[in-house]
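In what follows, a structure is listed as structure tokens, so that the remarks can point back to it.
Derivation of every value follows stated rules applied to the coordinates shown; laboratory data play no part. Not measured: the values here are computed from a predicted model. Because the Cβ atoms are built from the backbone with ideal geometry, glycine has one as well, and the counts that use them run over all protein chains shown.
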Amino acid sequence: MSRLRTAEPVRSEESTAVAMARTLLWLAWQAVRLPIFSLLVIFEPIVRLVFSGLSLLAVLTALLFESSSAASKFPFWGMMAFSAGCALVLVGYDAFLRRLSR
């Protein structure tokens, strides 16, 4: 004799509770996401200008000091790493904005 389990019907009370919980979580996420996204979008041009400027300035400074003999112990690769770090911060900022916009 085989013992087959019959599927128990889903209680409508549980599915309603789950749907209400999901709706409340979604509303809470929207309440957190939208103000943060709005603030970051407002500051996006300033952040882009500052980090792009710092990156360009670091590259130009590194190339200038490397080509001249003004500073014998100038950290060329440190300045180049700082410049790449500024560019990566911009990429991360854009990715975070993209994530919040969904």
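General observations
- Positive minus negative residues near Glu44 (Lys, Arg vs Asp, Glu; Cβ under 12 Å): +1
- Rounded to the nearest 500, the 222 nm mean residue ellipticity of the chain from helices alone is -30000 deg cm²/dmol, with -39,500 (n - 2.57) taken per DSSP H run of at least 4 residues.
- Rounded to the nearest 10 degrees, the angle from helix 76-101 to the longest Cα principal axis of the chain is 30 degrees.
- Result for the chain in a Gaussian network model with C-alpha springs under 10 Å: among Arg22, Arg48, Arg33, the largest mean-square fluctuation is at Arg22.
- Relative to the longest principal axis of the Cα atoms of the chain, the long axis of helix 12-67 makes an angle of roughly 10 degrees.
- Taken over the chain, the percentage of Cα pairs per 10 Å bin, counting from 0 up to the bin with the maximum distance, is 13, 23, 17, 15, 12, 9, 7, 4, 1, 0.
- Placing dummy labels 7 Å off each Cα toward the beta-carbon, the span from Ala19 to Leu97 is 3.8 nm.
- All Cα-Cα separations within the stretch 50-102 were binned at 5 Å from zero, giving a P(r) of 4, 21, 21, 17, 12, 9, 6, 4, 3, 1, 0, each value a whole percent of the pairs.
- Highest-MSF residue in the chain out of Ser69, Ser55, Ser38 [GNM, Cα springs under 10 Å]: Ser69
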